[in-house]
1. Please enumerate the residues belonging to the stretch 274-290 that are touching a residue at least 12 places away in the same chain (Cβ under 8 Å) and either polar (S, T, N, Q) or surrounded by fewer than 20 Cβ atoms within 10 Å (Cβ to Cβ) (or both).
2. Under the condition of being in a strand (DSSP E or B) and touching a Leu at 6+ places or on another chain (Cβ under 8 Å), which residue from the stretch 147-165 is surrounded by the most Cβ atoms within 10 Å (Cβ to Cβ)?
3. Which of the residues spanning the stretch 197-211 are of a type in the set (D, E, K, R), over 13 Å from N173 (Cβ atoms) and part of a loop (DSSP other than H, G, I, E, B)?
4. Within the stretch 21-65, can you find the residues that are part of a helix (DSSP H, G or I), closer than 20 Å to L385 by Cβ and in contact with an Asp or Glu (Cβ under 9 Å, 6 or more places away or on another chain)?
5. Within the stretch 118-146, take every residue that is part of a loop (DSSP other than H, G, I, E, B) and within 14 Å of M105 (Cα to Cα) and give me the one that is farthest from the ligand (Cβ to nearest atom).
6. Identify the single condition in (1) more than 23 Å from N154 (Cα to Cα); (2) away from the ligand (no atom under 16 Å from the Cβ); (3) surrounded by fewer than 24 Cβ atoms within 10 Å (Cβ to Cβ); (4) not small (G, A, S) that F247 does not satisfy, given that it satisfies every other one.
7. For the stretch 169-187, how many residues are within 11 Å of the ligand (Cβ to nearest atom) and touching an Asp or Glu at 6+ places or on another chain (Cβ under 7 Å)?
8. Looking at the structure I just gave you, is V208 touching a His at 6+ places or on another chain (Cβ under 7 Å), within 16 Å of the ligand (Cβ to nearest atom) and within 25 Å of N354 (Cβ to Cβ)?
Amino acid sequence: MNNYSFDKTTNRKGTNSVKHDLLNKLYGKDDLIPMWVADMDFDTPPFIFDAIAKRAKHPILGYTFRDESYNQAIIDWQNKRNKWQIDSAQISFTPGVVPGLLMAMDAVSDIGDEIIVQTPVYFPFFATIKDNGRKIVYNTLLEQDDCYTMDFENLKSIITPKTKAIIISNPHNPVGRVWSRRELSQLVNICYENGIKIISDEIHSDIVFSPNRHLPISSISEKAAEISFVFMAPSKTFNIAGLSTSFVIIQNAKLYKKYEKRLDAFHLWQGNIFGNVATQAAYSEQGEQWVDSMLEYVEGNIDFVVGFINNRIPKISIKKPEATYLLWLNMKEYSMSHKQLTAFFINDVGIAINHGRIFGKGGDGYIRLNVAASREVIENVMMKLEAAINSI
Ligand SMILES: Cc1ncc(COP(=O)(O)O)c(C=O)c1O
């Protein structure tokens, strides 16, 4: 039963919202509908605000730490949502998932080592590797009729003694895949045999549509748990990215120690007092109900967009994602460069999108569209897109 309404559109202008208040700076115009960065336009759930308000009533906001009840909330959530048994000693902290990826990479490689990424993929991976003195090695995903798979043959061929880790996105932003047990097992086997660690970005793992099921990589086998870091967060799921509170699960005690050393070195272990209480409030029974309602609503948006495009703009090719509120639209039929595509969406459609090229090789000709907004906004965007396409 849907207890929460997602039909409301809250005005976020003037709140220092990256999504809404940086439009002019990034897209040269203010009056665009923002469909870009992975940030939802749904109100953060009320029970999270209640928890924050309760803590905010205490007159002192001094140094803080995360106690056992915080860990227990994560343990229970993983158990309930992913049928994954973890324990407290395997949970560590990171303010955001991206800095966590960097700390993990730092823990398992040296300057000059090679780190693999599978494009098209969440583009901050590139700077995280390159600006940390490592070399990016690309294993582009295989694509056929907008279905994506990992290229295991190529992966095997690009490994060298300097290859120390692969960063994966599971579920994969932007192509929306939930990697299957078979795919993950194949990946683990290749990495295990070659001494490669898996740094798995699972930030979108709560946003998966039935019948697909998220598999945390470490949950699939002992081998996987031995070589993997699993990064997760309530940030995307509950729209609380501004609280900068994420976590990592590392089941290999040696790797855990190495990671914690990096966290200590950067003095980043402390975290955010409100992020801690928000995480606990999120990973609750109420949180489960809210996520289930949100997923139902987002899936409705996705079905609407996919149906609309298939029926009314069939030159755009789109496949329903298995996860995430991010749609990956194949616009190759229009033969526009990434600059032309961006300009078309800004000037002719009136929306801000991410063009595919920033996601690396395999992204040209695509755009990424964030549909975590009210149905009214989504319908309006589709009408605008159809009108703009018709006048090309
Ligand atoms: C795959 C992926 N990883 C990481 C992030 C950002 O994580 P954080 O803000 O916690 O660093 C995003 C945000 O869009 C994402 O899509």
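1. N276, T279, Q280, S284, Q286, E288, Q289
2. The qualifying residue surrounded by the most Cβ atoms within 10 Å (Cβ to Cβ) is Y148.
3. Hit for the stretch 197-211 is D206, nothing else.
4. The answer is L23, and nothing else.
5. G133
6. Among (1) more than 23 Å from N154 (Cα to Cα); (2) away from the ligand (no atom under 16 Å from the Cβ); (3) surrounded by fewer than 24 Cβ atoms within 10 Å (Cβ to Cβ); (4) not small (G, A, S), the lone unmet condition for F247 is (2).
7. Residues that pass the stated criteria total 3.
8. yes
The values are calculated or read from the model by the stated rules, or taken from the named source; none is laboratory data. What you see is a predicted model; the values in this text were computed from it and never measured. Using ideal geometry, Cβ is built from the backbone for each residue, glycine included, and neighbour counts are taken over all protein chains shown.
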